[in-house]
2 protein chains.
Amino acid sequence: MPEKPARTAVPIHELIARRWSPRSFDPERPVGREALLALMEAARWAPSCYGDQPWRYLVADRFADPAGWEAVFACLAEQNRRWAGAAPLLLVACADTRFGFSGEPNRWGAYDTGAASENLCLQAVALGLAAHQMGGFDAEALRRACAIPPRFEPMAVIAVGHPAGPDRLPPDLRERETAPRERRPLGERFFRARWGEPAA
Amino acid sequence: MPEKPARTAVPIHELIARRWSPRSFDPERPVGREALLALMEAARWAPSCYGDQPWRYLVADRFADPAGWEAVFACLAEQNRRWAGAAPLLLVACADTRFGFSGEPNRWGAYDTGAASENLCLQAVALGLAAHQMGGFDAEALRRACAIPPRFEPMAVIAVGHPAGPDRLPPDLRERETAPRERRPLGERFFRARWGEPAA
């Protein structure tokens, strides 16, 4: 897997700097039980509003449960099916739209689930695994395939596996696999206490 | 600051295990420019749908811009104003409700912003700082105070600073500062490819 560390004005923690979203996975190599537990634990200990832990994850393992994995895979957008088939794990991140303790609407459901998924992806980096979040899927098909209740919103499907080289990919994706990562300048995303005044 | 590492079934990366949400900050000690840049860079390199980077952060620094900081602080809920006044930095995390490249609704705005904020809080841990996200604030007052456009949704105010001991806090908060962290069991949040069937 190419190393594509974030290009930053000052050093940041290497775990955060090294995370990116590869598309090339080793199709033959499962993710072991201990690694899967570590991914789940990392997500589990993310922060959440009122400690409500509004995230739910469906774990589809191609080796342990081929039919379950296939059901999730079939819901992916075509451009994701081009590469995600090699990933041994597909994790569906779902956000509770309500608080578990009260049933009232929870405006932080997706925000907190995003934090949990980021923890999970960073733990993947720590384990030498590759993780790639996808927004391209048929949410209604996924609901039917996995019996996701209406109250929960499927937010992402996360492909996880052992990384492979760019050579496994078709030419256009191979190019993206090795291209530098890009971000907007700090001054476009970080303001002083007044909107639009760059903080950096 | 008390150490409250996550209690996990298998080891996880120490950066993720050590993160928690303290309420006690050293009121005399600012967060330096280099540390602030590192916090922003960590958030900046989070993943996002289509790479749209839907997050915006307002940075209110009590030392560099007391009036800006005060304006944000005044919007916090009373229970947060009891302790957050010691924090030198208050960061307002806002989520774009639309894609920057198209103007179409972005259902991942809050999800991606939650990931960026988690990166920021983990970078705080790496720097020996304390970070605590709050959902308790008056969002409309915050919009007015900081000129946040209607298209963006304020999701959290993040208090950041150098940690102090629990002794600085009133008795009830001191107790929470030293209490163990709690999470729901894995089997309640992680399912197999079928909703409700525990994955662990």
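In table form, for the structure just shown:
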| read-out | value |
| --- | --- |
| Subset of the range A:18-42 [facing chain B (nearest Cβ under 7 Å), surrounded by 18 or more Cβ atoms within 10 Å (Cβ to Cβ) and either in a helix (DSSP H, G or I) or among the aliphatic types (A, V, I, L, M) (or both)] | A:Leu37, A:Ala38, A:Met40, A:Glu41, A:Ala42 |
| Near pairs, Cβ below 7 angstrom, 6+ apart or cross-chain, from the range B:13-28 (closer than 15 Å to B:Arg176 by Cα) to any residue that is charged (D, E, K, R) and surrounded by fewer than 18 Cβ atoms within 10 Å (Cβ to Cβ) | B:Trp20/B:Lys4; B:Trp20/B:Arg181; B:Ser24/B:Arg168 |
| Count of residues meeting criterion [touching a strand residue (DSSP E or B) at 6+ places or on another chain (Cβ under 9 Å) and closer than 30 Å to A:Tyr111 by Cβ] in the range A:155-189 | 13 |
| Residues satisfying the stated conditions in the range B:5-17, i.e. basic (Lys, Arg) and either modelled with pLDDT under 95 or outside any loop (DSSP other than H, G, I, E, B) (or both) | none |
| Filter result for A:Pro185 (more than 25 Å from A:Leu120 (Cα to Cα) and at pLDDT 95 or above) | yes |
| Residue ID - farthest from the chain's Cα centre (by Cα), chosen from residues in the range B:44-66 that are assigned to a helix (DSSP H, G or I) and at the interface with another protein chain (Cβ under 8 Å from one of its Cβ atoms) | B:Tyr50 |
| Filtered residues of the range B:1-17 (kept if surrounded by fewer than 16 Cβ atoms within 10 Å (Cβ to Cβ) and small (Gly, Ala, Ser)) | B:Ala9 |
| Residues (over 17 Å from the mean Cα position of the chain (by Cα) and of a type in the set (Lys, Arg)) located in the range A:67-91 | A:Arg82 |
| Boolean, A:Ala141 is small (Gly, Ala, Ser) and either closer than 20 Å to B:Ala46 by Cα or in contact with a helix residue (DSSP H, G or I) (Cβ under 8 Å, 6 or more places away or on another chain) (or both) | no |
| Odd one out for B:Leu37 among (1) touching a residue at least 12 places away in the same chain (Cβ under 8 Å); (2) within 18 Å of the chain's Cα centre (by Cα) | (1) |
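Quick grid of which residues meet (1) touching a residue at least 12 places away in the same chain (Cβ under 8 Å); (2) buried (at least 16 other Cβ atoms within 10 Å of the Cβ):
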position: A:Thr113; (1), (2): yes, yes
position: A:Ala126; (1), (2): yes, yes
position: A:Leu129; (1), (2): yes, yes
position: A:Met134; (1), (2): yes, yes
position: A:Ala145; (1), (2): yes, yes
position: A:Pro149; (1), (2): no, no
position: A:Phe152; (1), (2): yes, yes
position: A:Glu175; (1), (2): no, no
position: A:Phe190; (1), (2): no, yes
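One line per residue, one yes/no per condition, for (1) farther than 16 Å from B:Arg192 by Cα; (2) touching a Phe, Trp or Tyr at 6+ places or on another chain (Cβ under 7 Å):
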site	(1), (2)
A:Ala42	yes, no
A:Gln53	yes, no
A:Pro66	no, no
A:Trp69	no, no
A:Val72	no, no
A:Gly85	yes, yes
A:Leu90	no, yes
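The values are calculated or read from the model by the stated rules, or taken from the named source; none is laboratory data. None of these values were measured; they are calculated from a predicted model. As a convention, Cβ positions derive from the backbone with ideal geometry for all residues, glycine included, and neighbour counts pool all protein chains shown.
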